[in-house]
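The values are calculated or read from the model by the stated rules, or taken from the named source; none is laboratory data. It should be emphasised that the depicted structure is a prediction, and the values quoted were computed from it without experimental measurement. FYI the Cβ positions are ideal-geometry reconstructions off the backbone, even for glycines, and counts take in every protein chain you see. Accessible surface is based on the protein model in full, side chains and every heavy atom, while ligands, DNA and RNA are left aside. Shrake-Rupley method; radii C 1.70, N 1.55, O 1.52, S 1.80 Å.
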Amino acid sequence: MHRSVLFRRVTVSAVAVMLALSAPIGLHADRTPQPLPFAQDWSETSLITTDDDWSTVPGVEAYLGQGLTSTTGTDPQTLLGESTAAGDLDLLANRSNPDTLINGGVAEFDGIANPTIALNGSGTADAPYLLLSLDTTGASGITVSYTLRDLDASADDATQQVALQYRIGDSGAFTNVPEAYVGDATRPEEATLTTPVRVTVPADADDQPLLQVRIITTNAPGNDEWVGIDDLLVEGGGEPPPPPTFAAIHEVQGVASSSPLVDQFVTTRGIVTALKSNGFFLQTPAEEADDDPATSQGIFVFLGAMRTVARGDLVEIEARVAEFVPSADPNQPPLTELVSPSRISVLSDGQALPEPVALTPADMSPSGPIDALERLEGMRVAASSLTVIGPTLGSVNESTASATSNGVFYGVLSELARPFREPGIDLLDPLPSGAPPNVPRFDTNPERLRVDSDAQPRAPTLDVSSGTVITNLVGTLDYAFRTYTLLPDATSEPAITPPPAPVPVRKRAPSEFTVASANLQRFFDDQDDPSLGEPVLSDAALQTRLEKASLLIRAHLDTPDILGVVEVENVETLAALAARVGADAVAAGEPDPEYGAYLVEGNDPGGIDVGFLVKGMDAGNGQPRVAVTRVTQEGATATYVNPNTGRWRQCSIALR
């Protein structure tokens, strides 16, 4: 079985490419066909000075593509017509920041280090495109090449598809060039991804007085990202580039943290072992693996949002070797990847996956190097027993008092002790300028393993708490957020042993007096305070939080005589908690502690304060269990200077 499933940087039979669907020529464009070779890298920023005016760039135009599609996420390869909408010619001239320009369409960014023209879909720019008019008279073997540049360093993560098309003359349907299609030319939170495209277009583009070539994208779901169209070159007599050199995966990975073949195009082969939302992992078949334990047999193939293969496929791929470092964390060690594939061919399917490598305490020693697992990067691994040291993460909706899991947690092999964050500056971060030589360094806890439990399709989300023991955890080893990350297989069946239940404090003896503290974690009420801009809870959410806090105080803290609390919005909220504890105690057949609420508004910019619940029930002698004489605020004018965020005031209260 042989199935070719993706093309990006390739050559095909013949000639030119079309960068835009043509539209009526106005006074602000010069569609004079340009002779070959035609080149444009946008470095001459004085060419473009006015919005919607292409007249100073002969042979180049750009359009919004209005009405070419009414659906987000449309494959641009399927859009072969041209827009007939009035005012479709588009150009936003002399822009400087792709992260903040929210208009869709076509823009010139001359305020960045490497100026370029870029496309961005939107509700108006349904299918924006760049159009070239070329004269290929006397030329054959027309090749079109350009570089797609991710210009958007924001958190936006759209699937930004880009296609190349051409037509003979200035009317009629375009012909798509499938080998030039790019499934996603962007990544979130960085502006470093580049995707080179080079194709030889079909022979009907040879020797033509007018060949139009366009590069087209579409309005993506979510917030579109700006894609630069740079280093344009159209020339005749193009020869297919030499095929990439074959390199086994272990040769691509090498023995160091970075590949010895970085930035080279290679051909390699492996079995698909795991899928992610933006690519897949390959691993060398066991019979082809080398004998060097320092070289990894696995690698990640970055495809954006595309997933065109299945686990167990034996795949041959032509792609560029890259070292991925997130722009948000330039000090993170690199992850070796294959990017911008020009060919992915499935040679056979249903192959047995390589056996996982068992992780051992020697692999993850607390005293080991931070890259101890580099030799297993991208490979299938297994943890026979993992103890959770950081519970499953996610996001919290404070207004509804609900949480959404993201399936990510941290653990260590059960044979190892639970690590803690030691003092010092992270080893991966440089010391501040002028730092003394004795500054301690934090070793990053190399024994930690991050688990992204639902990263693979159909893998279940594991919601676990600290102390949980998980056995038979099998998956592929990735690297993210400065931590080696296990992506469990959907077919893995780990056994989960919950940790022991929390142990309440022992019952107080008659002669004892108890004091406790609790962080109530941003305990807001259901009333809006316009001066704060705080989350406003629904009534149901407030009741849920009161119920949980009451249970904590009664069942686990044994209704202490004095309870110091932090992160409460106001005294009314604290009084509501006191009332709830009393009502729940009576309902459970327990004495009402008759808590009194004491809180003085402080200076926290988020509107959370410190306070006390003080037991007022009769001590058996006609006197309250605790008598409060006064409550005073301490340090109300003291200022704390945070070197990162500036100055703010904090204060405490004293109970007497």
Which of the numbered conditions does residue 101 fail, given that it passes all the others? Conditions: (1) in a loop (DSSP other than H, G, I, E, B); (2) under 25 Å from residue 263 (Cβ atoms). (2)
Any hit, the stretch 526-534, residues being under 18 Å from residue 612 (Cα atoms), in contact (Cβ under 8 Å) with a residue 12 or more places away in the chain and in contact with a helix residue (DSSP H, G or I) (Cβ under 6 Å, 6 or more places away or on another chain): no
Given the conditions (1) assigned to a loop (DSSP other than H, G, I, E, B); (2) exposed (fewer than 15 other Cβ atoms within 10 Å of the Cβ); (3) touching a strand residue (DSSP E or B) at 6+ places or on another chain (Cβ under 8 Å), which single one is not true for residue 438? (3)
Hits in the stretch 330-363 - residues which are over 29 Å from residue 197 (Cβ atoms) and charged (D, E, K, R): 355, 363
Considering only the stretch 271-283, I want to know if a residue exists there that is open to solvent by 50 Å² or more (accessible area, probe 1.4 Å) and either modelled with pLDDT of 95 or more or closer than 21 Å to residue 371 by Cβ (or both). no
Return a yes/no flag: does the stretch 414-425 have any residue that is touching a His at 6+ places or on another chain (Cβ under 9 Å), hydroxyl-bearing (Ser, Thr, Tyr), surrounded by 14 or more Cβ atoms within 10 Å (Cβ to Cβ) and farther than 28 Å from residue 331 by Cα. no
Which is surrounded by fewer than 17 Cβ atoms within 10 Å (Cβ to Cβ), farther than 16 Å from residue 610 by Cβ, out of contact with any strand residue (DSSP E or B) (no Cβ under 6 Å at 6 or more places or on another chain) and among the aliphatic types (A, V, I, L, M), of 585, 579? 579
If we scan the stretch 545-552, do we find a residue that is polar (S, T, N, Q), closer than 25 Å to residue 503 by Cβ and free of Cβ contacts under 8 Å to residues at least 60 places away in the same chain? yes
Which of the following residues is in a strand (DSSP E or B) and on the phi < 0 side of the Ramachandran plot: 320, 311? 320
Being in a strand (DSSP E or B) and either open to solvent by 40 Å² or more (accessible area, probe 1.4 Å) or closer than 19 Å to residue 466 by Cβ (or both) is the requirement here; does residue 346 meet it? no
Test for residue 243: is it closer than 18 Å to residue 320 by Cβ and surrounded by fewer than 20 Cβ atoms within 10 Å (Cβ to Cβ): yes
Suppose we keep only residues that are in contact (Cβ under 8 Å) with a residue 24 or more places away in the chain and polar (S, T, N, Q) within the stretch 588-640. Which one would you say is nearest to residue 510 (Cα to Cα)? 629
Exactly one of 111, 121, 105 is of a type in the set (Gly, Ala, Ser) and open to solvent by 10 Å² or more (accessible area, probe 1.4 Å), and that one is 111
Tell me whether the stretch 375-396 contains one or more residues that are free of Cβ contacts under 8 Å to residues at least 60 places away in the same chain, of a type outside the set (S, T, N, Q), in contact with a strand residue (DSSP E or B) (Cβ under 6 Å, 6 or more places away or on another chain) and in a strand (DSSP E or B). yes
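Does the stretch 632-655 hold any residues that are of a type in the set (Val, Ile, Thr) and at pLDDT 65 or above, and which are they? Steps first, please.
Step one: filter the stretch 632-655 for residues of a type in the set (Val, Ile, Thr), giving 632, 637, 639, 641, 645, 653.
Hits for the stretch 632-655 are 632, 637, 639, 641, 653.
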For the stretch 483-509, which positions are closer than 19 Å to residue 406 by Cα and open to solvent by less than 50 Å² (accessible area, probe 1.4 Å)? 483, 484, 485, 486, 487, 488, 489, 490, 492, 494
Could you pull out every one of the strands (runs of 3 or more DSSP E) wholly within the stretch 476-549 that has 2 or more residues that are under 28 Å from the mean Cα position of the chain (by Cα)? 483-488, 515-523
So residue 557 passes all but one of these: (1) surrounded by fewer than 19 Cβ atoms within 10 Å (Cβ to Cβ); (2) in contact with an Asp or Glu (Cβ under 6 Å, 6 or more places away or on another chain). Which condition number does it fail? (2)
Out of 333, 341, report the one residue that is out of contact with any Gly (no Cβ under 6 Å at 6 or more places or on another chain) and not in a strand (DSSP E or B). 333
Tell me, please, whether a residue that is among the small types (Gly, Ala, Ser), touching a Leu at 6+ places or on another chain (Cβ under 8 Å) and modelled with pLDDT under 95 can be found in the stretch 368-378. no
Of all the residues that make up the stretch 441-475, how many are surrounded by fewer than 16 Cβ atoms within 10 Å (Cβ to Cβ), in contact (Cβ under 8 Å) with a residue 24 or more places away in the chain and outside any loop (DSSP other than H, G, I, E, B)? 2
